[in-house]
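Worksheet: the structure to be examined is printed underneath.
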Amino acid sequence: MTSILFLGKTVLTFCLYVLILRLWMQHVRVNFYNPFTQFIVKITQPIIGPLRKVIPSIGRIDTATWILLYLFAVIKIIFVLYFNLTNTPIFSIEYLLYAVAAIVHDAGNLLFWLLLFRAILSWVSRGQSGADELLAQLTEPFIAPIRRIVPPLGIIDISFMIFVFILMFLNMLAFDIVGYLWILL
């Protein structure tokens, strides 16, 4: 059962990452001609395209993608709780709240990995690749406020490290809050 849990959780997390990336790229308005951006759009278009015909966007909000993201988060919560806990109901109304927490948690994890890739690429390619441009467009809105407070120390930019510590703290705080809510409900 552990292998099924691992496989299912990995696939569902990947789906959440792809949907979060699609929404994030739309919000930040990244370069659409970047190959990675085109990959994300092409991999999600077979599901989101028909869904958009049924669920139209509200202004700049891509409601079809948001609903699909939330649906995958609920499926992930049900799947993980079903395999991890005994005597759990197949569905409970609390799962809807946990799905929001799962989206926030996975968005934080995705941000961590993007920051890590950006840091590694900055050592290797020094801003010369399309991946650097895309990662900068996605992560700079989070790093720039810290960089204004703590400027780079020579060639060393510690704003990434400060943001990762903040991200880790928020992740732990979220787990504490969700754990507390689990006890109350």
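The values are calculated or read from the model by the stated rules, or taken from the named source; none is laboratory data. Just so it is clear, the model here is predicted, and its values are computed rather than measured. In this analysis, Cβ positions are derived from the backbone assuming ideal geometry, glycine residues included, and neighbour counts consider all displayed protein chains. These area figures cover heavy atoms from the full protein model, side chains too; ligands, DNA and RNA do not enter into them. Shrake-Rupley method; radii C 1.70, N 1.55, O 1.52, S 1.80 Å.
Worth a mention:
- Members of the stretch 41-96 found to be of a type outside the set (Ser, Thr, Tyr), farther than 28 Å from residue 27 by Cβ and out of contact with any helix residue (DSSP H, G or I) (no Cβ under 6 Å at 6 or more places or on another chain), listed by number: 81, 84, 85, 87, 89, 90, 91, 93, 94
- Inspection of the stretch 81-103 identifies at least one residue that is within 28 Å of residue 136 (Cβ to Cβ), surrounded by 13 or more Cβ atoms within 10 Å (Cβ to Cβ), within 16 Å of the chain's Cα centre (by Cα) and at pLDDT below 90.
- Residues in the stretch 120-169 that are open to solvent by 50 Å² or more (accessible area, probe 1.4 Å) and in a loop (DSSP other than H, G, I, E, B): 126, 127, 128, 151, 152, 154, 155.
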